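Just so you know, all these numbers are worked out from the coordinates, no wet-lab data involved. None of these values were measured; they are calculated from a predicted model. As a convention, Cβ positions derive from the backbone with ideal geometry for all residues, glycine included, and neighbour counts pool all protein chains shown.
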Amino acid sequence: MEVSVLRLSHRYVRDTRTTTHLFLVARAFGTDKVVYTGQRDKEIEEELKEITETWGGSFKIEHSESWTSTLKDWQNSDGETIHLTMYGLPIQDVINQIRASKKNKLIIVGGAKVPGTVYRLVDWNVAVTSQPHSEVGALSVFLHELFEGRELSKNFPNAKLIIIPQQKGKKVTKTD
């Protein structure tokens, strides 16, 4: 099952830190790819490419001119779409159904104002809580639930650097 993230309406400079953190969580928690709409940000694209080359894996980043085309293309290829929103169904009530389907998944997270059309087009509107919160937090909780915690021990092939876990201090080793 392929799992990708669609970030809506990135605004260059204003959203750079949040979008970067969203993409880092997507990568670290086991998604295959992120697609973002809004303003193209080559700095974020280059940063994520460098992180993937250094820390391993085959994570991809793409820019799309149209979130509607991306969403509809995903659905037309028999994939499921999941919008993370505080207005959706509680994750604990729907995660088993979402997980049971082996279809590829596109997880949609907002940027600025999310168009009402998103709520109508997606297969699932899912809330990790019904209180205001961060899209970065929502994505991490959703992915943790989707992967049942297995993402925490994910192996990233071809890493140039690997962290050696320890109680105190920092230990990083080169694989070259």
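Odds and ends about this structure:
- Dimensionless Rg/Rh of the range 76-146 - Kirkwood Rh, Rg from C-alpha atoms: 0.93
- Taking the Cα centre of the range 3-174 as origin and assigning +1 to Lys and Arg Cβ atoms and -1 to Asp and Glu Cβ atoms, the resulting dipole is close to 480 debye.
- Which labelled figure in (i) 1.30; (ii) 0.97; (iii) 0.94 is Rg/Rh (Cα atoms, Kirkwood Rh), once derived from the coordinates: (ii)
- For a label point 7 Å along the Cα-to-beta-carbon line of Glu47, residues of the range 119-146 with backbone N under 15 Å: 136
- Sorted ascending by nearby beta carbons within 10 Å, beginning with the fewest, Asp73, Asp123 become Asp73, Asp123.
- Restraint check, Lys42/Lys170; Lys72/Lys160; Lys33/Lys174; Lys60/Lys154, Cα-Cα greater than 27 Å: Lys42/Lys170; Lys72/Lys160
- Relative contact order for the chain, counting Cα pairs under 8 Å that sit 6 or more residues apart, in percent: 28 percent
- Using alpha-carbon coordinates, inclination of helix 42-55 to the longest axis of the chain, degrees: 50 degrees
- Candidates Leu143, Leu22, Leu152: whichever shows maximal mean-square fluctuation once the chain is modelled as a Gaussian network with Cα springs under 10 Å: Leu152
- Added length on full extension, which subtracts the Cα-Cα distance from 0.36 nm per residue, Lys113 to Arg40: 24.5 nm
- Working from Cα pairs under 8 Å separated by at least six residues, relative contact order for the range 28-76 is 47 percent.
- Rounded to the nearest 10 degrees, the inclination of helix 16-28 to the longest alpha-carbon principal axis of the chain is 70 degrees.
- Rounded to 10°, Cα long-axis angle of helix 67-76 versus longest principal axis of the chain: 90 degrees
- Sequence-distant aspartates and glutamates (8 or more away, or on other chains) whose Cα lies within less than 15 Å of Lys113: Asp15, Glu135
- Across the options Leu8, Thr68, Phe142, the greatest Cα extent toward the positive end of the charge dipole of the range 3-174 (unit charges at beta carbon of Lys, Arg, Asp, Glu) belongs to Phe142.
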